């Protein structure tokens with residue numbers, strides 16, 4: 001369990017990473033937009049136990065207003081407490097663990113990028129900040145209700161049992177889980193989007209980038225065309 005997450009990246013690298021996270025990422029043929037519209041506001045049902053905590057918005061200069069673009073200062077303070085960062089790190093271990101193909105989300109510093117994301121003074125990130133912080137509190141509250149201990153102190157099976165209840169959008173039809181489903185959907189998008197926009201994640205999926213080709217352009221491979229056709233077929237009407 002990630003009870004003592006250690007920093008992996010610098011603030012400068014974390015701020016630079018935000019630009020990639022705000023773009024559209026395609027994972028396994030599924031388009032994932034980290035910077036999307038806020039979920040529809042839904043009244044809090046008492047059965048959901050959703051904390052519905054309120055937070056003062058983060059203000060201050062935005063990155064584009066920093067006069068030292070080549071050497072950015074720290075235009076905003078980070079949000080996560082040590083406990084919150086450890087909790088996000090544990091969720092990263094569950095969502096994007098290390099395997100033979102590459103490192104884990106924690107190995108490349110994704111918890112810090114999530115922290116950078118929700119700390120940025122932009123409207124979309126500020127909306128995500130409220131959702132993520134409430135969701136982390138909900139996880140601890142839910143673990144205490146079910147098992148008498150905080151989420152990180154729960155066993156792996158107990159943690160998965162909670163996450164299974166909020167990991168699928170179909171669960172949002174249940175009033176007790178609707179807000180938690182929104183939270184986990186956003187966190188999952190940020191974790192996977194963060195990982196697959198890291199240098200290690202890009203290498204993990206085999207993306208080659210701009211590679212010079214000698215001679216005539218041979219056109220896309222059959223594999224690339226098959227993937228493109230699959231994506232087009234699955235586009236919403």
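The values are calculated or read from the model by the stated rules, or taken from the named source; none is laboratory data. Given the structure is predicted, the values throughout are model-derived calculations rather than measurements. Neighbour counts are summed over all protein chains in view; Cβ atoms, including those assigned to glycine, are modelled from backbone coordinates with ideal geometry.
In table form, for the structure just shown:
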{"read-out": "Residue count, the range 134-143 (criterion: over 20 Å from the mean Cα position of the chain (by Cα), in contact (Cβ under 8 Å) with a residue 24 or more places away in the chain and surrounded by 17 or more Cβ atoms within 10 Å (Cβ to Cβ))", "value": "1"}
{"read-out": "The range 144-162, residues that are crowded, with 17+ Cβ neighbours inside 10 Å and within 13 Å of residue 95 (Cβ to Cβ)", "value": "159"}
{"read-out": "Single residue of 54, 62, 8 found to be surrounded by 15 or more Cβ atoms within 10 Å (Cβ to Cβ), modelled with pLDDT of 65 or more and out of contact with any strand residue (DSSP E or B) (no Cβ under 6 Å at 6 or more places or on another chain)", "value": "8"}
{"read-out": "Filtered residue count, the range 101-134, keeping only those that are over 23 Å from residue 201 (Cβ atoms) and in a helix (DSSP H, G or I)", "value": "8"}
{"read-out": "Top-ranked residue in the range 11-35 [being exposed (fewer than 14 other Cβ atoms within 10 Å of the Cβ) and modelled with pLDDT of 65 or more; ranked as farthest from residue 125 (Cα to Cα)]", "value": "12"}
{"read-out": "Residue 181 being surrounded by fewer than 20 Cβ atoms within 10 Å (Cβ to Cβ) and part of a helix (DSSP H, G or I)", "value": "no"}
